[in-house]
2 protein chains.
Amino acid sequence: MDIRNYMRDLGSRARAASAVVSAADTGQKNAALLAIGKHIQSSRSALLQANQQDLDNASNSGLDSAMLERLALGEARIDAMLEGLEQVAALADPVGEISGLRCMPSGIQVGKMRVPLGVIGIIYESRPNVTIDAASLCLKAGNAAILRGGSEAALSNAAIARAITAGLADAGLPAHAVQVVETTDRAAVGELITMPEYVDVIVPRGGKGLIERISRDASVTVIKHLDGNCHVYIDDDAEAQMAIDIAVNAKTQRFGTCNTAESLLLAQSRAAELLPAIAEQMHEHNVALRVCDKAEAVLAAANTACARQAATEDDWYAEYLGPILAVKVVSDLSAAIAHIGQYSSRHTETIVTNNHANAMRFLREVDSSSVMINASTRFADGFEYGLGAEIGISTDKIHVRGPVGLEGLTSQKFVVLGSGQLRS
Amino acid sequence: MDIRNYMRDLGSRARAASAVVSAADTGQKNAALLAIGKHIQSSRSALLQANQQDLDNASNSGLDSAMLERLALGEARIDAMLEGLEQVAALADPVGEISGLRCMPSGIQVGKMRVPLGVIGIIYESRPNVTIDAASLCLKAGNAAILRGGSEAALSNAAIARAITAGLADAGLPAHAVQVVETTDRAAVGELITMPEYVDVIVPRGGKGLIERISRDASVTVIKHLDGNCHVYIDDDAEAQMAIDIAVNAKTQRFGTCNTAESLLLAQSRAAELLPAIAEQMHEHNVALRVCDKAEAVLAAANTACARQAATEDDWYAEYLGPILAVKVVSDLSAAIAHIGQYSSRHTETIVTNNHANAMRFLREVDSSSVMINASTRFADGFEYGLGAEIGISTDKIHVRGPVGLEGLTSQKFVVLGSGQLRS
């Protein structure tokens, strides 16, 4: 099999299909989403069987239990896929929306119309449910999609692809509007990310290594974040209980997510009062600390039981994705903003304060994709932001930033409504 | 001189300055813009002298008259620079604007805040006035700028740079917020476009060759258009006089601009009636036609005097930037949309019609950066669109599309306002 030609054929068919999907009306796109759901439902047993085969193969080739857990579909995950399709169908269609239409001195009216991007390439690892999530968002935003899942999920993804193709056909949309790459050859990814004539945007979902490789080698825009070193800053004027609750929730509500707090900064004036209480709760959640000298002095004086060791420079950069928290006592808001500017991955940061000026300064000067006041970093999420769904999170500043929903999969063109105006 | 180190030093200083400029308030940025104007005004004679030296050198090295015309400053162009500075100072500041703040079921409020991009690199050819235009827009949008002008304008640009530096100092902003590359070594461009750690976006302004080279080699986002093959489509239901006027204005109001019409499409039902009259006026403007067989038949039957020859496939792609117009008779709106989809450079297209359904279909299905109804393509321009000023036009779909004003030099981050919300 010639991978280059195979991928270019996929690309060329996706480009052709995208012209049809971009002009499809909302009803037709929703009908396709619901029809895909029907076909998933009616092929439930075949889907579970294909997934079981993937699981058996993966288990035989020694994949670890975390990987197997991500690979497994099961009835509940299929239900979630069906629910997701219905939710995306229920979202407002972003395509065709005209905004900001204003009259100009020349008499023309100028505004912007939201339009699909074209063809989206999604590269992901084990989870086969991403196939449906990604396909449904791309489709609703009027784009064609090329999906490249993990090789370990090949049979599951092929089974899902059959349901997608059947649903598209039911709604009269081109089969190639959503294509699943059928080869497990790694060269396929290299081709997918270097054919700008066929693919407009790449969304990689997976480990940092995968995303770094793709960003480095892609010749089209990549919507991505590499890691989430999120900060909670407790300001001089923080409300004590709120500060403790937010720090604990941001760190412990889930350890493995990108919007989990990895670093806690405390204003010096509040460290002695608040840090021991926070450390106590971290201890109950089995979280170990990496502390600066000042934090250590406070904790030692309070005789806390919480496990800890001295922080190194690396700790300020770290995304632990586990029960570890870096803790630093800073002199004031300026020092907190400077620390975040230097070490953050620009994902999500929050300030706990009742001081209006400090809150607004933090909001304006912290240069991250989500900046919060008095809320847990765990809210940085497409569903929590009301986007309806999320295809990923971007920490870049170009095109789209923060959780990426339907709007992030579109662009805007200028529209001009005239009545015969000439330029003079 | 080690160009790589020189450029990286510029970049590192620009990055540091951008942190200050991004946090500067509107008053301070406007004060800097007006102070730059004062220094331009007070150094008028030095500026004209430097420009004269550039002109003498250019003339001695045999630059053609069009190049010399672009290089010349003169009193009127300096006045225009001063006026431009005042206009940009008068524009609303995009930075800090919060939009779409909505309450979520969790109790948090979520919105987006407009923020600077960071460091913008501008690469341009002869016109020294671009130095002021680009610097003022970057500064107002809270960005640092690195400007690389043409080597033939080196002395003029250095003189302008001195006024900029003095104006920044007057307003208490860092001198490195705007830096002019002082070496004329071409390697400097290669460095500028491949240091993503220091530069966030590149805006090239100049010939197609320059822009193609930069787009190919840049490792950061390039805001650009390569060419403007703009179309006027006269629909079945067009008003006759409006159709003639728009076709003539779009082609002849200026020949050398990117929003000038290069192709005219006519619905078959209107060709015999309208094409001879249009050809007559094109003839008066010394415009020669490249025509399809059907257009030739109509023109021959009408015995028109307008110079013409048979169009080749290349004509449908051509941006003539001169007194030539490609003309094609198409069967209907669908054929017009298909032709534009195949041959357009996706800059600007207009339909002349009184049919609402056709107008809306054209608006939606034509995938260009500006799509118009009943208006001349010549309106595709930042000033005409009410953006206040324009740093360039983008025909890409990522980040920004169409004329690029202040907003195109910014990004948006999510802001979350809470009152102690935790994720559960």
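Scanning segment A:75-88 for residues that are within 27 Å of A:VAL404 (Cα to Cα) and exposed (fewer than 12 other Cβ atoms within 10 Å of the Cβ) yields A:ALA76, A:GLU83.
With respect to the conditions (1) surrounded by 15 or more Cβ atoms within 10 Å (Cβ to Cβ); (2) away from every other protein chain (no Cβ under 14 Å); (3) farther than 30 Å from A:ARG8 by Cβ, A:ALA66 lacks only one, and its number is (1). So which residues in segment B:398-423 are facing chain A (nearest Cβ under 9 Å), assigned to a loop (DSSP other than H, G, I, E, B), among the hydrophobic types (A, V, I, L, M, F, W, C) and within 31 Å of the chain's Cα centre (by Cα), if there are any at all? B:ILE398, B:VAL400, listed by residue number. A:GLY142 - would you say it is farther than 27 Å from B:SER219 by Cα, touching a residue at least 24 places away in the same chain (Cβ under 8 Å) and away from chain B (no Cβ under 14 Å)? So A:GLY142 fails the test. Entry remark, segment A:36-92: residues being in a helix (DSSP H, G or I) and on the phi > 0 side of the Ramachandran plot number 1 in total. Of all residues in segment B:193-222, those being within 26 Å of B:LEU85 (Cα to Cα) and not in a loop (DSSP other than H, G, I, E, B) number 6.
From the list A:ALA305, A:ALA271, the lone residue that is surrounded by fewer than 24 Cβ atoms within 10 Å (Cβ to Cβ), at pLDDT below 95, more than 23 Å from the chain's Cα centre (by Cα) and more than 14 Å from chain B (Cβ to nearest Cβ) is A:ALA305. Within segment B:388-408, residues that are without any contact (Cβ under 8 Å) to a residue 12 or more places away in the chain sit with their Cβ atoms under 8 Å from residues that are in a strand (DSSP E or B), at 6+ positions apart or across chains, in these pairs: B:LYS397/A:VAL115; B:LYS397/A:SER411. Just one residue in the set A:ALA50, A:ALA72, A:ALA58, A:ALA17 is crowded, with 16+ Cβ neighbours inside 10 Å, of a type outside the set (Phe, Trp, Tyr) and over 23 Å from A:GLU152 (Cα atoms); that residue is A:ALA17. Within segment B:1-56, the set of residues being among the charged types (D, E, K, R), more than 30 Å from B:MET67 (Cβ to Cβ) and touching a residue at least 12 places away in the same chain (Cβ under 8 Å) comprises B:ARG8, B:ARG13, B:ARG15, B:LYS29, B:LYS38. Examine segment B:308-317 for a residue that is touching a helix residue (DSSP H, G or I) at 6+ places or on another chain (Cβ under 6 Å) and crowded, with 22+ Cβ neighbours inside 10 Å, and state whether such a residue exists. For segment B:308-317, residues touching a helix residue (DSSP H, G or I) at 6+ places or on another chain (Cβ under 6 Å) and crowded, with 22+ Cβ neighbours inside 10 Å: absent. Can you tell me which residue in segment B:338-392 is surrounded by the most Cβ atoms within 10 Å (Cβ to Cβ), limited to those that are in a helix (DSSP H, G or I) and facing another protein chain (nearest Cβ under 8 Å)? Among those that are in a helix (DSSP H, G or I) and facing another protein chain (nearest Cβ under 8 Å), it is B:PHE379. Scanning segment B:279-299 turns up one or more residues that are within 14 Å of chain A (Cβ to nearest Cβ), surrounded by 15 or more Cβ atoms within 10 Å (Cβ to Cβ) and under 30 Å from the mean Cα position of the chain (by Cα).
Mind checking whether some residue in segment A:327-337 is under 17 Å from A:HIS225 (Cα atoms), within 12 Å of chain B (Cβ to nearest Cβ) and not charged (D, E, K, R)?
No.
Tell me, yes or no, whether segment B:98-110 has at least one residue that is loosely packed, with under 13 Cβ neighbours inside 10 Å, of a type in the set (A, V, I, L, M) and either in contact with a Cys (Cβ under 9 Å, 6 or more places away or on another chain) or within 14 Å of another protein chain (Cβ to nearest Cβ) (or both). Within segment B:98-110 (the criterion being loosely packed, with under 13 Cβ neighbours inside 10 Å, of a type in the set (A, V, I, L, M) and either in contact with a Cys (Cβ under 9 Å, 6 or more places away or on another chain) or within 14 Å of another protein chain (Cβ to nearest Cβ) (or both)), the answer is no, since none of the residues qualifies.
Residues considered: B:LEU82, B:LEU73. Of these, the only one that is under 21 Å from the mean Cα position of the chain (by Cα), farther than 22 Å from B:GLY408 by Cα and modelled with pLDDT of 95 or more is B:LEU82. Being closer than 23 Å to A:ILE214 by Cα, buried (at least 24 other Cβ atoms within 10 Å of the Cβ) and of a type in the set (A, V, I, L, M) holds for only one residue in A:ILE160, A:ILE123, and it is A:ILE123.
The values are calculated or read from the model by the stated rules, or taken from the named source; none is laboratory data. These numbers were taken from a predicted model, which means no experiment stands behind them. Counting neighbours? That spans all protein chains shown, and the Cβs are built from the backbone with ideal geometry, glycine included.
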